[in-house]
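Asker: Sharing a structure below in structure tokens format, with a few things to ask.
The values are calculated or read from the model by the stated rules, or taken from the named source; none is laboratory data. Computed from a prediction, not measured in an experiment: that's the story for all the values here. When we count neighbours, we look across all protein chains shown, and the Cβ atoms used for this are built from the backbone with ideal geometry, even at glycine.
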Amino acid sequence: MFEFPDPESALTEPNGLLAIGGDLSAETLLSAYKQGIFPWYSTGEPIMWWSPDPRLILNFADFKISKSLQKTLNKKNFSVSCDFAFEQVINHCAHLPSRENKTWITDDMIQAYVNLHQLGIAHSIEVWQGKPNQSELIGGLYGLSIGQAFFGESMFSTQTDASKIALYYLIRFLSKYHFTWVDCQVPSEHLMSLGAKTMPRIEFLSLLKQTLALPPEKVVWKNIIT
């Protein structure tokens, strides 16, 4: 298994680059996430591992529901599921028009996270135009669940607010199992507009250590949520 340096030794320019090399085996990825480290690189580049400072965290209590999102939620002209279409979700995230030729979700990354999904570690939330697996997939997100920590990876939307719906129902779903926050990795205006806040890396690593020490919840992942 690839051995990672102490995250506090990560570079400041580029912000958070910690190591280069290794592999995307389940063992290596689990070790990385438990230390607050994640892979992020493009096709043709070596695997690069990051631990940015600051870190972006979404505490469930801080999640902001705009008036427009509330109207969309009230209409309920959609359905939401968990783990019904993981591969569809990650492929949608990888092939968004805005990410053409510059996605970090490479074929190797897709296979690695599909493997984690098959091991019960990576999970997806799907938003459908109608019934799950019987209609159009219009939004979703995926990430990793380790202990009571959820590490968000990516989301997509083909219709207005669909990715926000996925995040809203992820928070509702995880709250039932005593999760309290989602790791959003690096600052982004979109996620900060939804309530995510930055946290110094040293504080994030302390929070992560505390969270991973909690007794793991028995989460029933494959679900029709609404």
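Asker: Output the residues belonging to segment 123-144 that are under 22 Å from HIS190 (Cβ atoms) and either among the small types (Gly, Ala, Ser) or at pLDDT below 95 (or both).
Answerer: Once the filter is applied, which keeps residues that are under 22 Å from HIS190 (Cβ atoms) and either among the small types (Gly, Ala, Ser) or at pLDDT below 95 (or both), segment 123-144 yields SER124, GLY139, GLY140, GLY143.
Asker: Follow-up. Hey, does segment 80-92 have a residue that's in contact with a helix residue (DSSP H, G or I) (Cβ under 7 Å, 6 or more places away or on another chain), surrounded by fewer than 22 Cβ atoms within 10 Å (Cβ to Cβ), farther than 18 Å from ILE225 by Cα and at pLDDT below 95?
Answerer: no
Asker: Being closer than 24 Å to SER31 by Cβ and not in a strand (DSSP E or B) narrows it down to one residue among LEU170, LEU144, LEU174; which is it?
Answerer: Values: LEU170 fails: closer than 24 Å to SER31 by Cβ; LEU144 fails: not in a strand (DSSP E or B).
None of the other options fit; the residue is LEU174.
Asker: Name every residue in segment 130-141 that is assigned to a strand (DSSP E or B) and surrounded by fewer than 22 Cβ atoms within 10 Å (Cβ to Cβ), in order of residue number.
Answerer: Pass one, segment 130-141, residues assigned to a strand (DSSP E or B): 137-141.
Of everything in segment 130-141, just one residue is assigned to a strand (DSSP E or B) and surrounded by fewer than 22 Cβ atoms within 10 Å (Cβ to Cβ), namely LEU137.
Asker: Here is a check on your reading of the model: is GLY147 within 23 Å of MET109 (Cβ to Cβ), over 11 Å from the mean Cα position of the chain (by Cα) and at pLDDT below 95?
Answerer: When the stated conditions are applied, GLY147 passes them.
Asker: Out of ASP23, ASP53, which single residue is of a type in the set (D, E, K, R), surrounded by 13 or more Cβ atoms within 10 Å (Cβ to Cβ), under 27 Å from PHE204 (Cβ atoms) and touching a Gly at 6+ places or on another chain (Cβ under 7 Å)?
Answerer: From the options ASP23, ASP53, the qualifying one is ASP53.
Asker: Answer with yes or no whether GLN118 is modelled with pLDDT of 95 or more and either of a type in the set (S, T, N, Q) or over 14 Å from the mean Cα position of the chain (by Cα) (or both).
Answerer: Criteria met by GLN118.
Asker: Let me confirm something: among ILE138, ILE110, which residue is within 16 Å of the chain's Cα centre (by Cα) and of a type outside the set (Asp, Glu)?
Answerer: The match here is ILE110.
Asker: I need a count of the residues in segment 179-192 that are surrounded by fewer than 19 Cβ atoms within 10 Å (Cβ to Cβ) and either within 12 Å of the chain's Cα centre (by Cα) or over 14 Å from ALA61 (Cα atoms) (or both).
Answerer: Number of matching residues: 5.
Asker: Taking the conditions exactly as written (in a helix (DSSP H, G or I), in contact with a Phe, Trp or Tyr (Cβ under 8 Å, 6 or more places away or on another chain), surrounded by fewer than 20 Cβ atoms within 10 Å (Cβ to Cβ) and among the β-branched types (Val, Ile, Thr)), does VAL114 satisfy them or not?
Answerer: Considered against the rule, which asks whether it is in a helix (DSSP H, G or I), in contact with a Phe, Trp or Tyr (Cβ under 8 Å, 6 or more places away or on another chain), surrounded by fewer than 20 Cβ atoms within 10 Å (Cβ to Cβ) and among the β-branched types (Val, Ile, Thr), VAL114 comes out as yes.
Asker: Same structure, new question: SER68 is checked against (1) over 16 Å from the mean Cα position of the chain (by Cα); (2) closer than 16 Å to GLY143 by Cα and fails just one. What number does that condition carry?
Answerer: Checking SER68 against (1) over 16 Å from the mean Cα position of the chain (by Cα); (2) closer than 16 Å to GLY143 by Cα, the one that fails is (2).
Asker: Only one of LEU18, LEU24 is in a strand (DSSP E or B) and at negative phi. Can you tell me which?
Answerer: Testing whether each residue is in a strand (DSSP E or B) and at negative phi leaves just LEU18.
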